[in-house]
Amino acid sequence: MANRRARLCLAALLPLVAGACGGGGETPTAAAGAGPVTVKDCAGKDVTFAQVPERVVTLDGYAAQTLVRLGVADKIIGTGYPAPFAVDRSPYKERLAGIPVLAERVPVTEVVAAQRPDLVLTAFSAFGGPPGSPKDADLATMSAKGLAACLPSGPMLTDLAPTYDYVRKLGAVFRVPDRAERLIGELRARERAVAAKARPGDAPRVLVLQDDPVAGQPIKTSGSGTIAHALIVMAGGRSVFTDVSSMHADISPEQVVQRDPQVLWLISDYPFAKAKGQELADRVRKNPLLAGTSAVEHGRVVSTSQYLVSFPSPLNLDGLEQLATDMHAGGT
Amino acid sequence: MTATVPKPLALRAAAAPYPALLAALAGVLTVSAVVATGIGPVGVPAGEVAGILAHHLTGGGDTAATADLIVWRIRFPRVLLGVVAGAGLALAGAVVQGVVRNPVADPYLLGLSHGASVGAVLVLTTGVAVLGALTLPAAAFCGAATAMALVLAMARQGGRLLPVRLILVGVAFGHLFAGITSFVLARTDSSAAQQQIIFWLLGGLSGTNWATLPVPAAVVAGATVLLLARARRLNALVLGEEAGAALGLNASRLRWQLLVLTTLLTGTVVAVSGGIGFVGLIVPHLARMLVGADHRRMLPVAVLLGGVFLLWADVAARMLISPAELPIGVLTAFLGVPFFLLVMRARGLAGQESA
């Protein structure tokens, strides 16, 4: 096997593969000799990788969290937006802490280009969202390929297909499809364990809150097109606002009272929120707007960090388990 | 407060002969372009920047160096687009102010920029990409053209195009288009699209590459030449309907032509840079303060000043909260307002005669 790998290295032109051969122990065995790999980007266009990417920039921590679980974190030469690392677990947390941070937010084009990446990843659904961050054309300028975690455009998301698709896509690109399938298998097993505990026919009405509501202002919630909505369904609940779909949808306080949620799910850590974590939960419990809801009367207020449930990432399952446990146990 | 404010030294340049002023401005623009190319979130030594620019400007090809990628393929096109966009917006503003004979006029006032926004926002939210990377600029241009066509059609009365009607109809349509933009923004599901829309509304030059540059550069250059050739008639137009007629001028016809040219100019610039405000309003006045209201003298100065101004506004946009980036519209206001007030207090509002 070692002999075969050595020959492949010679054949594949030294400068590009030198790194991969040097770290021979790290390179996957399953598909080490495979030809070009082609995956689809979010627009359905083919992206072809002749070699395993060696210089990867992750624009946000979510993409890095997926790579570290695929065992290819050593390919990451820099990351932006490392905030999601804070909620990760050992041993991944330590591994992620070693990745050079390019910017606390999503880095701008120039900063990414200076790294000379051959692949740029984002778990957001498209490139070029944050001001100045690289768009598809900028990636072409720096001759890097780009892969975003695609969200389906449909109005309703009820499973974690975007998360699994992204893991599978990256597994193919980094020639570790077996590791990707193993990871997906583990995540699906956790998903099934949660589903097994749900009581059918008894789906509580769940309202997602992202901040402490203020009288007279619309309330921010996660709509039906988001990962958060998928988690509610998978945890055995149902969202009271399936008629809005965006990530930060505005809803009217009157409707909240009328639809009477039985569980309040606080997605914390959004930068616009007035309070975070436990403090947010305390404020929401005392909020007169929500005092009459079944959720507050029965103390069913669940809190989760947005870093677990906002974008496709293996940590979505952590968010799911948290929600399911607290939802059925009666809250924190 | 008395009106007699001592003139700052820098402004004595205006007392210098006109060709010297033009040459000085052109020099400032050139030096600014080189210096600005050396400034960015990734530090590249000044000598290396100069070397890379010299290498390419003398016909050298792309090299594999990282500095080459950043300086020549990412930063320099952006600096040049800043110059082109600034020049184009200043020119458009100067013409609109002349056409409607109103000192607060700019492309915004006639609903042009808002029309372009509607086109762009529709593309950003629906994700339509019929023309690939050209979809967004094409849609923005179509939006501006549609807005102008609507405004011209509604403002015409008995074959005549009167300034007051133009302004009123333009402002009305501007509000309608702004309303549509806000509606689409509120309705959109994707937060990535929302971010893009907000950034687009305030303008920004990030994402510029060499392929972005030729069309706006050609349009701005062509419009400058065309307008300079018509500068005399523009002067007559400013005098008003009767005076213009006495000079043998068909005012409505000329207004119509100039507005079509402005649409082309604004549409092309807004399409590549988003809705950058304030440049079209303020730079023409600065130019008038420096060299008077005669369009033959004022237009070239406005073009150069607009270029320098937007170039530095963009440097500030990418440096102030580096490595993140600010929308450039924020910076045009931050830099422009104090500068404008300073010059106005020092020189008096020379544009008043033309209003």
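The residue that is farthest from the other protein chains (Cβ to nearest Cβ), counting only those in region A:108-129 that are buried (at least 24 other Cβ atoms within 10 Å of the Cβ) and more than 23 Å from B:ALA211 (Cα to Cα), is A:LEU121. Among the conditions (1) β-branched (Val, Ile, Thr); (2) surrounded by 21 or more Cβ atoms within 10 Å (Cβ to Cβ); (3) at pLDDT below 95, A:VAL173 misses just one, which is (3). If A:GLY132 meets every condition in (1) in contact with a helix residue (DSSP H, G or I) (Cβ under 8 Å, 6 or more places away or on another chain); (2) away from chain B (no Cβ under 13 Å) apart from one, which number is that one? Just one mismatch for A:GLY132, condition (2). With aliphatic (A, V, I, L, M) and either under 12 Å from B:GLY203 (Cα atoms) or modelled with pLDDT of 85 or more (or both) as the only criterion, which of B:LEU349, B:LEU311 stands out? After ruling out the rest, the residue left standing is B:LEU311. Taking each residue of region B:36-47 that is closer than 17 Å to A:VAL112 by Cα and looking for partners that are buried (at least 19 other Cβ atoms within 10 Å of the Cβ) and among the acidic types (Asp, Glu) with beta-carbon atoms closer than 8 Å, six or more apart or interchain, yields B:GLY40/A:GLU110; B:PRO41/A:GLU110; B:VAL42/A:GLU110.
Got at least one residue in region A:159-172 being over 18 Å from A:LEU67 (Cβ atoms), outside any helix (DSSP H, G or I) and touching a strand residue (DSSP E or B) at 6+ places or on another chain (Cβ under 8 Å)? No, the conditions are met nowhere in region A:159-172. Note on region A:37-57: among residues that are part of a loop (DSSP other than H, G, I, E, B) and either farther than 21 Å from A:ASP74 by Cα or of a type in the set (Asp, Glu) (or both), the one that is modelled with the lowest pLDDT is A:ALA43. Of the candidates A:ALA161, A:ALA144, the single residue that is out of contact with any helix residue (DSSP H, G or I) (no Cβ under 6 Å at 6 or more places or on another chain), without any contact (Cβ under 8 Å) to a residue 24 or more places away in the chain and under 24 Å from B:ALA193 (Cα atoms) is A:ALA161.
Determine whether region B:193-206 contains at least one residue that is away from chain A (no Cβ under 14 Å), of a type outside the set (Gly, Ala, Ser) and assigned to a helix (DSSP H, G or I). So far as region B:193-206 goes, no, none of its residues is away from chain A (no Cβ under 14 Å), of a type outside the set (Gly, Ala, Ser) and assigned to a helix (DSSP H, G or I).
When region B:207-227 is filtered for residues that are surrounded by fewer than 18 Cβ atoms within 10 Å (Cβ to Cβ), more than 14 Å from chain A (Cβ to nearest Cβ) and over 23 Å from B:HIS114 (Cβ atoms), the ones remaining, listed by number, are B:PRO214, B:ALA218, B:ALA221, B:GLY222, B:VAL225, B:LEU226. Could you check, for region B:80-91, whether at least one of its residues is touching a Leu at 6+ places or on another chain (Cβ under 6 Å), β-branched (Val, Ile, Thr) and not in a helix (DSSP H, G or I)? Looking for residues that are touching a Leu at 6+ places or on another chain (Cβ under 6 Å), β-branched (Val, Ile, Thr) and not in a helix (DSSP H, G or I), one finds none in region B:80-91, hence no. Based on what the data block shows, is A:THR27 at pLDDT below 95, surrounded by 13 or more Cβ atoms within 10 Å (Cβ to Cβ) and among the hydroxyl-bearing types (Ser, Thr, Tyr)? Taking the combined requirement at face value, the residue satisfies it.
The values are calculated or read from the model by the stated rules, or taken from the named source; none is laboratory data. Predicted, not measured: the structure shown is a model, and the values here were computed from it. We place every Cβ from the backbone using ideal geometry, glycine too, and count neighbours over all the protein chains shown.
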